[in-house]
Each structure stands twice: as C-alpha cells, then as structure tokens.
1. Of the listed peptides 191-202, 142-153, what is their order by residue-averaged count of other C-beta atoms within 10 Å, with the highest listed first?
2. Multiply the residue gap between residue 284 and residue 46 by 0.36 nm, knock off their C-alpha separation, and tell me the result in nm, one decimal place.
3. Taking each pair of distinct Cα atoms in the chain once, what is the resulting Kirkwood hydrodynamic radius in Å?
4. Under the 0.36 nm per residue contour assumption, what length would be gained going from the current alpha-carbon distance of residue 37 and residue 90 to full extension?
5. Within 10 Å of each residue's Cβ, count the other Cβ atoms and sort 568, 282 from fewest upward.
6. What is the distance in Å between the Cα centroid of segment 221-288 and that of segment 303-378?
7. Compare the peptides 311-324, 121-134 by average per-residue count of other Cβ atoms within 10 angstrom and give them in order, highest first.
8. Relative contact order (percent) for segment 44-166, with alpha-carbon contacts under 8 angstrom and 6 or more residues of separation?
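Derivation of every value follows stated rules applied to the coordinates shown; laboratory data play no part. These numbers come from a predicted model, not from an experiment. Here the Cβ positions follow ideal geometry from the backbone for every residue, glycine too, while neighbour counts run over all protein chains shown.
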C-alpha cells in the first residue's frame with residue numbers, strides 16, 4: 001500500500017515538474033518574443049531616425065543606392081524580426097552617415113571658401129549684412145548636420161554674390177561739372193540717363209555708386225570712399241547767373257517781355273534749399289546788379305528796375321558771369337536773355353567758350369524776338385554744354401524753364417576726397433560705376449583739379465607755397481585799397497624786385513577787388529627757389545560805371561628763407577593780360 005502511494009506521489013511530482021517546466025519554457029519564450037519585439041520596435045525607431053537624418057544629407061548616386069539598399073535591408077529585418085542582423089545593419093548605416101557627413105561638410109565649407117574669394121567691393125552695406133547672416137546660418141546648419149538646408153543657403157548666397165557682380169550697362173553717365181571750391185573735397189556733377197528712354201533715374205542711393213581714382217602717371221586705381229551722393233532737385237543748391245540784355249534795342253516792349261520772362265524764371269528757382277541767383281546786366285558795359293543771393297524779392301525788384309542803355313556787350317557779360325559764377329560753391333550755370341548781336345565787347349566768343357569749358361559751366365541763351373543773329377550764340381551754348389532757344393511768346397518760357405532748369409536739377413552730385421591733395425597739377429583719372437542690381441553704367445573721366453580759389457576762401461590740405469600765394473594775394477588787395485604796404489611786407493624779401501616795384505604801385509590811387517586766383521604751375525630750381533605761375537582775376541566797379549575785369553598771368557620767383565619759410569622775391573618776366581573787359 002505504501003509502495004503504491006509512493007509511486008503515485010512520484011507520478012504527481014513528475015507531472016507537476018513537467019507542467020512547471022512547460023510554464024517556464026512558455027514564459028521564457030514569451031519573454032524572448034517580447035524582447036525581440038522591443039528590439040525590433042527600437043530598431044524601427046532607429047531606422048526612422050536615420051531616415052530623418054539622411055533627408056538632410058546630400059547624396060551622390062552611388063551613395064543614394066547604398067542608402068536605399070540599407071533601407072531595404074532594414075525592412076527585411078523588421079518583417080522577419082531578424083534581430084541578428086541589426087548590429088551589422090547599424091554599423092553599416094553609421095559608417096555611411098559618417099562618410100556622408102564628412103563629404104557634405106567638406107563640400108559646403110569648400111563652397112563657402114570659394115564664395116569668400118569673390119569680389120564683394122560692389123556690395124551695399126545691407127547686402128554685406130545679409131551675406132554675413134547667410135554665412136552664419138550655413139555654419140549653424142553644418143553643426144546641426146542639416147546639409148540640405150545649408151546647401152539651399154549656399155545656393156542663395158551664390159545667387160546673391162553673382163547678382164552683385166553682374167555689370168549692367170543700360171545707363172549713360174557723363175561728368176558735367178567738377179567743383180573744387182571745398183578742396184580737397186571734390187564734387188562731381190553727373191548727368192545720368194537711361195540709354196533707351198533718355199529718362200533720368202530718380203532716388204539713386206549712395207550705395208549704388210563706386211569711384212576709383214589714380215594720378216594719370218600711376219598704373220593702379222585706388223578705390224575711394226564716397227562721402228555723399230544726392231540729386232540736386234530739392235536737395236542740392238544751384239548757382240545761376242542770370243544775364244539780362246538792357247541794350248538800346250531792348251527799350252520798351254522787348255524789355256518788358258524780358259522782365260516778365262526773368263520774373264517767371266525766378267518763380268521756379270528753389271531758393272528754399274539754397275539756390276542762388278546773381279543778376280548781371282549789359283549794354284555799354286557790364287554791371288553786377290545783384291550779387292549771388294537767395295533773396296527772391298530783392299532780385300525781382302532789381303529786375304523791375306532794369307533800364308536800357310545803348311550798345312550790346314554780350315560776350316563781355318558772359319565772360320564776366322562765367323568768372324563770377326566759377327568761384328561759387330556747388331552746381332553752376334549761366335542763363336542769358338538777349339535780343340541782339342554783340343557790338344561792344346572786348347572779349348570774343350572763343351574766350352567765353354574757353355573759360356566756360358575750363359570750369360565746366362554750361363551757358364544757356366534765350367533769344368527774345370526775331371532779329372537775332374544766332375550763329376555765335378549757338379556756338380557758345382553748344383560748345384559749353386548748354387543750348388540756345390528763341391522765345392517769341394512769353395508763355396513759351398515755362399517749357400524753356402523746364403528744359404534749362406531741369407537739365408541742371410536732375411544732375412547727381414558725388415562728393416569724395418582727392419588723393420594726394422598737395423599735388424594740384426597732375427591730371428586725375430577717375431572711374432565711376434553705378435549699379436542698382438537692375439540698371440547700371442560706367443564712365444571714365446580725366447580732369448585736372450584746377451583749383452580756382454575765391455579770394456575769400458582758405459583751403460586745407462594744400463602745400464605751404466599754395467597757402468602762401470593765397471595769403472599774399474589777399475594781403476595785396478588790402479594793401480592797394482588802403483595804400484598800406486605793411487599788409488604785404490612780411491610776405492616779400494626786403495629790397496628784392498617785388499619789394500621795389502610793388503611798394504610804389506600800392507601808393508597810387510587805385511581800388512581793386514580780387515575775385516579769384518589759380519596756381520597754374522610751380523617749378524623748383526634747387527632747394528631754395530620756386531617759380532610760381534598764377535592766373536588772378538580782378539574786377540573794379542565804381543558807382544554807375546561799368547565793371548572792369550582783368551585776368552592776369554603773373555610769374556613770381558619765391559625764395560626760401562633761413563627759417564624755412566618762403567617769400568616773394570622777384571617777377572619772372574612781365575605780367576601778361578590774358579583777358580579784359582572795359583579796360
């Protein structure tokens with residue numbers, strides 16, 4: 001009985017063992033299945049991360065094939081739950097990612113280096129800021145391994161740099177005037193027009209302009225900083241010398257019409273922004289009726305008070321007007337109103353043309369009436385950048401005004417500081433380029449500084465001798481007008497030729513006014529001698545007498561003194577009278 005019971009127990013325990021073993025096996029298999037499932041789920045997530053990562057990589061065809069093969073392998077692993085291949089797959093795809101990362105980084109960085117070699121001298125400030133922002137964004141995308149985004153930014157940067165360096169040529173640009181009245185600051189007045197339409201582009205920003213300069217004897221241009229660019233209209237002042245014919249033939253209705261025309265013209269001048277007008281009249285001689293002023297009321301009064309004389313000194317008046325206008329600061333022009341032929345001038349049309357072209361001042365002439373000989377008038381205007389027109393009806397003046405005034409007011413003024421300001425004789429070559437990303441043009445231009453200095457001006461940046469000449473000439477006028485030699489005594493070598501000849505001349509009953517001077521040449525003879533050639537312009541106008549003007553050429557010998565200063569010693573030849581009116 002006991003043996004039977006023992007056998008039953010053994011059987012029961014065996015069955016329980018088998019059951020427990022089955023449970024353990026089932027549990028083990030279940031756990032393994034869940035672990036495999038978790039591994040597959042984790043692998044699936046990892047593959048998805050790689051897919052997201054590789055979307056930001058730039059791949060060559062063979063690399064893309066390798067990647068697609070790996071993705072197919074990952075799908076098989078997931079479908080078959082073949083976890084044994086996971087490790088090998090992750091190793092292969094990690095190696096491919098590392099390879100792509102290195103190549104993408106290298107490619108984009110090399111592209112950036114190539115772009116950095118590009119010329120960005122034409123870039124505006126805002127464009128440079130945009131370019132720097134793009135570069136920083138590209139570097140950040142590389143750090144984050146977002147290469148597709150980085151590549152898009154590189155392409156955007158390439159387009160930006162390419163656009164900056166496209167040279168457009170649909171603008172016609174000409175330098176109309178060069179103003180040196182604030183030397184060493186130079187003002188260039190530019191006529192800019194569309195080649196196809198003839199229209200003047202408005203609101204060109206300073207960013208659109210580039211200027212390089214070199215001395216004509218040098219080989220390399222130097223890029224210059226542009227200090228200012230503006231269009232004259234409503235922003236920059238214009239100096240206008242209005243020349244009125246009051247000869248005998250203008251008596252009565254012609255003069256009344258001329259007064260109406262000139263008053264109408266003054267109504268359109270932009271006095272509010274600093275436009276200045278000088279009124280010059282001519283008949284038997286030339287008269288400065290009203291100096292340059294912004295006082296419109298005064299000018300209108302003077303126009304209305306104009307009365308006629310006899311003869312016609314038109315060329316003398318134009319010569320005077322150009323010389324007086326040339327020393328003004330800013331854009332300049334001369335506008336004359338006349339009804340007749342010149343019959344009283346000492347100056348010739350050629351002298352008018354020469355002085356106007358020397359200082360690049362356009363001369364406009366408005367003919368009043370039908371009896372005008374237009375030949376010389378057209379020659380003067382067309383040779384100086386102006387034009388001649390005839391007006392039979394005072395109502396035509398509005399259109400004439402637009403043509404004359406608009407031609408000047410549509411100019412752009414560009415300001416920069418000249419290289420080597422002590423050198424005032426060598427010609428300067430300048431290259432001006434205007435590029436707006438839509439329009440553009442270029443002009444090469446040569447000019448000599450030709451510093452015509454107003455008697456009242458004192459320039460900076462010039463040489464000691466240039467400065468001495470100005471001081472001496474201003475003191476010389478004071479000495480003449482006050483008959484006091486002491487004004488110039490300190491500028492002259494005692495007992496030299498200049499001392500001996502000038503001292504008695506100053507004591508004569510003479511009154512003169514120095515209008516302007518220009519140093520034409522300086523020649524050094526050793527270390528202690530310099531021969532200076534000067535063109536100096538003087539005028540005299542007393543009460544009702546016509547104005548007298550002389551342009552002289554004087555050559556002086558200067559000697560260096562023991563203290564290093566220079567003084568006037570002698571004349572090098574006789575003083576020449578280059579031009580004169582009513583003298």
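1. Most protected by this proxy first, the peptides run 142-153, 191-202.
2. Separation in residues times 0.36 nm, less the Cα-Cα distance, equals 75.3 nm.
3. Kirkwood hydrodynamic radius for the chain: 30.9 Å.
4. Here the answer is 17.4 nm.
5. 568, 282
6. Between the Cα centre of segment 221-288 and that of segment 303-378, the gap is 12 Å.
7. The densest-packed peptide leads the list: 311-324, 121-134.
8. Once divided by the residue count of segment 44-166, the mean separation gives 32 percent.
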